[in-house]
1. If we keep just the residues of region 24-46 that are part of a helix (DSSP H, G or I) and without any contact (Cβ under 8 Å) to a residue 60 or more places away in the chain, which is farthest from Thr255 (Cα to Cα)?
2. Taking the stated definitions as given, is Ile127 touching an Asp or Glu at 6+ places or on another chain (Cβ under 9 Å) and either within 17 Å of Tyr195 (Cβ to Cβ) or not in a strand (DSSP E or B) (or both)?
3. Give just the number: which of (1) surrounded by 15 or more Cβ atoms within 10 Å (Cβ to Cβ); (2) within 17 Å of the chain's Cα centre (by Cα) does Glu179 not satisfy?
4. Report those helices (runs of 4 or more DSSP H) wholly inside region 157-260 carrying at least 3 residues which are over 28 Å from Gly34 (Cβ atoms), of a type in the set (D, E, K, R) and in contact (Cβ under 8 Å) with a residue 24 or more places away in the chain.
5. What number of residues within region 64-97 are within 15 Å of Asp44 (Cβ to Cβ) and touching a residue at least 40 places away in the same chain (Cβ under 8 Å)?
6. Can you confirm whether region 229-252 contains a residue that is under 18 Å from Val142 (Cβ atoms) and of a type in the set (Lys, Arg)?
7. Which of the numbered conditions does Val59 fail, given that it passes all the others? Conditions: (1) in a loop (DSSP other than H, G, I, E, B); (2) in contact with a Pro (Cβ under 8 Å, 6 or more places away or on another chain).
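Rule-based calculations on the coordinates, nothing more; no lab input. Everything numeric here is computed off the predicted structure, so don't read it as measured data. Cβ sites come from the backbone with ideal geometry, for glycine too, and all protein chains shown count toward neighbours.
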Amino acid sequence: MDLKRNAERFTGQSYVSLYDDYRPEPPQDNILQGLKYLGVEKADFILDLGCGTGLSTRVLSAYGNNIIGIEPSEEMLTVARAKTKAKHISYQQGFAHDTGIASNSVDLVTCSQSFHWMEPKSTLKEIDRVLKDTGVLLIYDVIWPPSTNYDYEMAYKKLFANVDRLTQKLDEKIAYKWEKHNHLNNIEQSGIFSYVKETYYHKTEAFNTDTFIGIALSQGGLEALLKRGFSEDEIGITAFKKAIQTATTPCDTLTYNYRVIFGTRKP
């Protein structure tokens, strides 16, 4: 299994910039809850797996003394390093199943919209190795599309139904992806944690048409088709943009809904 294919989805300067511009920062309440499970107000060492352009890593700045983001895409890391000013945050190129981090050293491991790109057994084995005996795992994923209204969300779903159809017709497997609905079971079955919980968080902001379109265009599956020469018309991007830009149903807010999993090792 060549996980480099997964990293290749997140390359190209224009795409990486698009990703960084439109992907949301995570809600901070779930980070605070992770610290509550740790029993501290601030962690000594936080490890952010699949950190991308550092959107999630920079949010962690106030909650850890030493924070390291791990990311296989060097182009993503270039943006992360350029945008991160905090001296206690650093980045390393690598994969989640082979971090190079010292054993029994990490208080909090986070995975922001990234765990589905990681082979679960080997990744959880690595998390088991690096976490302290009292450590906590925090996994969170946005449920796409964000909540707006019927017209916008149906246009989004129509676009990605076509993305899925085109992807299934390809002769090659363009990436390895694990279903998000299996995350909870995989973590529970790993036997690493004494307590595992799935819950939900959200954050709401003012609706913006460009943001909603940018969120769609930042999805890796859509970008993979563009990289393989499919046109915007073939993918359905042109029709999607038109549907969003000409929609007459009013919409004031955009809400990101997060599925969150906590795992704690405390006995």
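1. Among them, the one singled out is Lys36.
2. No; evaluated as a whole, the condition is false for this residue.
3. In the conditions (1) surrounded by 15 or more Cβ atoms within 10 Å (Cβ to Cβ); (2) within 17 Å of the chain's Cα centre (by Cα), Glu179 misses (1) alone.
4. Numbers: elements: 183-190, 209-217, 220-227, 232-235, 237-246.
Helices (runs of 4 or more DSSP H) meeting the threshold: none at all.
5. The number of residues fulfilling the criteria is 1.
6. No; the residues of region 229-252 include none that is under 18 Å from Val142 (Cβ atoms) and of a type in the set (Lys, Arg).
7. (1)
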